[in-house]
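Here is the structure we will look at.
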Amino acid sequence: MNEKTPSIAILTGISGSGKSTLLEKLIYDLRSHHISVGGIYTKGYWLQNFRNQFDLVAIETNETIPLAFRQSPEEPFTFSKEGLLFGQKALSHILERDFRIVIVDEIGPLETRGEGWAPFLPPLLSLSSTRLIVTIRPRLIEWFTSTFQMQASLIIEANHPNAIETLREFCESSINR
């Protein structure tokens, strides 16, 4: 990896495995240690034992907007145009700032079709002096690494007992780069 390529951590796990919850804890920890962090993460909401909505949070400002919803577990999520534009704006803002840590939650089927956060991934992957954390379902890791011709520095399962400590070490090592 050259010095202009960030170190990349992939946080992976199936739906409901705690990826976003882990990121919320990590963001809190990073801020308490005065480590600059930007990007986006999702908050999921449950209705009658199924996830029915996701809100998108811009990490830098803590602004939140509905991103996706569905009425039943059988139907796919419908993405809000406003939510997608909000996320794209938050990601484009990262390119104008100097964050030590950047988080993109989550790379999914939209990105495999070139939509969602996909247009922002090449510039984010080329940021210098940045640690990038992306969440990806296990079945999409190979697509991500081959599409963007990169290797992750770290791949960690969200439900691993030491996941938060491993991510903290990955982020804190950005100070010494």
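Quick look at the values:
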read-out: Boolean, residue 62 is of a type in the set (S, T, N, Q), free of Cβ contacts under 8 Å to residues at least 60 places away in the same chain and part of a strand (DSSP E or B); value: no
read-out: Test: residue in region 3-25 that is touching a Pro at 6+ places or on another chain (Cβ under 8 Å) and not in a strand (DSSP E or B); value: yes
read-out: Conditions (1) touching a Lys or Arg at 6+ places or on another chain (Cβ under 9 Å); (2) over 20 Å from residue 9 (Cα atoms); (3) of a type in the set (Val, Ile, Thr): number failed by residue 61; value: (1)
read-out: Residue count, region 111-142 (criterion: outside any loop (DSSP other than H, G, I, E, B), under 20 Å from residue 170 (Cα atoms) and of a type in the set (S, T, N, Q)); value: 1
read-out: Unique residue being touching a Gly at 6+ places or on another chain (Cβ under 9 Å) and under 16 Å from residue 10 (Cα atoms) when the list is 155, 164, 94, 136; value: 136
read-out: Some residue of region 105-120 being closer than 15 Å to residue 87 by Cβ, in contact with a helix residue (DSSP H, G or I) (Cβ under 7 Å, 6 or more places away or on another chain) and of a type in the set (A, V, I, L, M); value: yes
read-out: Residue 33, sole failed condition from (1) more than 12 Å from residue 103 (Cα to Cα); (2) touching a strand residue (DSSP E or B) at 6+ places or on another chain (Cβ under 6 Å); value: (2)
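For every residue, the table says whether it meets (1) of a type in the set (Gly, Ala, Ser); (2) modelled with pLDDT of 90 or more.
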| residue | (1), (2) |
| --- | --- |
| 7 | yes, no |
| 13 | yes, yes |
| 42 | no, yes |
| 58 | yes, yes |
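The values are calculated or read from the model by the stated rules, or taken from the named source; none is laboratory data. Everything numeric here is computed off the predicted structure, so don't read it as measured data. Cβ sites come from the backbone with ideal geometry, for glycine too, and all protein chains shown count toward neighbours.
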